[in-house]
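Let me begin by presenting the structure, written as structure tokens, before commenting on it.
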Amino acid sequence: MSNDNTTNAADQRGPVIPAGSEQTYERFHFAPAYRVGDTLYVSGVIGSGEALEDEMSSAFENLSNVLEAAGYTMADVVDMTSFHVNMSETLGAFMAARDAVMSEPWPAWTAIGCTELAIPGGRAEVKVTAVKR
């Protein structure tokens, strides 16, 4: 779907597919994000990297890329849910990566522990809802 920002925001509804995500959209049948008016629902995003800190930073970089493809920023995030394999290990690095790219006012946030993620070896995933300011 084209991300034409010239249309009235209330009329915008549909998937947001950043460049390079087309094959994932077609193969797995889910949108990286879905816009309804001024609200953007971002699917779970993970990062990569050997070191935990690199993986968490990468997740927020990937999240930022999805937001930017739709014309949003981290400042537009109002709600965040994170999923953690071994939460006691990942939570600190996750919070540090979050704090490096976000600031007050902080969004609502729910952190959930889980046994595994859809991507083997992934240690944390984050999904957000953003609303245009």
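Readers should treat all values here as calculations from the given coordinates under stated rules, not as data from a laboratory. Bear in mind that the values here come from a model prediction, so they are computed numbers and not experimental data. No Cβ is skipped: glycine too gets one built from the backbone with ideal geometry, and neighbour counts run over all protein chains shown.
Quick rundown of the values:
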item	result
Dipole of the chain, positive end: most advanced residue of P15, V36, L52 [Cβ charges, Cα centre]	V36
For the stretch 9-131, radius of gyration divided by Kirkwood radius, i.e. Rg to Rh on alpha-carbons	0.96
Between the stretch 75-118 and the stretch 17-44, the alpha-carbon center distance in angstrom	20 Å
Potential extension, E53-Y41 segment - 0.36 nm per residue separation minus Cα distance	1.8 nm
Rounded tilt (10° steps) of 52-69 against the dominant C-alpha axis of the chain	0 degrees
Under 13 Å, Cβ to Cβ, from A51 - net charge with Lys/Arg +1 and Asp/Glu -1	-4
The chain - percent relative contact order, Cα under 8 Å, separation 6 or more	28 percent
Cβ-derived FRET efficiency at R0 30 Å, I112 paired with H29, nearest 0.05	0.80
Two-site FRET efficiency, I119 against E22, from Cβ-Cβ distance with R₀ of 25 Å, rounded to 0.05	0.85
Per-residue ³J(HN,Hα) for the stretch 121-129, Karplus 6.51 cos²θ - 1.76 cosθ + 1.60, θ = phi - 60°, Hz, x for Gly and Pro	x, x, 10, 7, 9, 10, 10, 9, 10
Contour minus Cα-Cα distance for T73 and R133 (0.36 nm per residue)	20.6 nm
Label point distance in nm, E61-D11, each placed 7 Å from Cα along Cα→Cβ	3.8 nm
Globularity index of the stretch 85-133, i.e. its alpha-carbon radius of gyration over 2.2 N^0.38 Å	1.27
Cα-based convex hull, the stretch 30-75, per residue volume (Å³, whole number)	67 Å³
Beta bridges per DSSP with both ends in the chain, % antiparallel, nearest 5	75 percent
Angle between the chain longest axis and helix 87-101 axis [Cα atoms, degrees, rounded to 10]	40 degrees
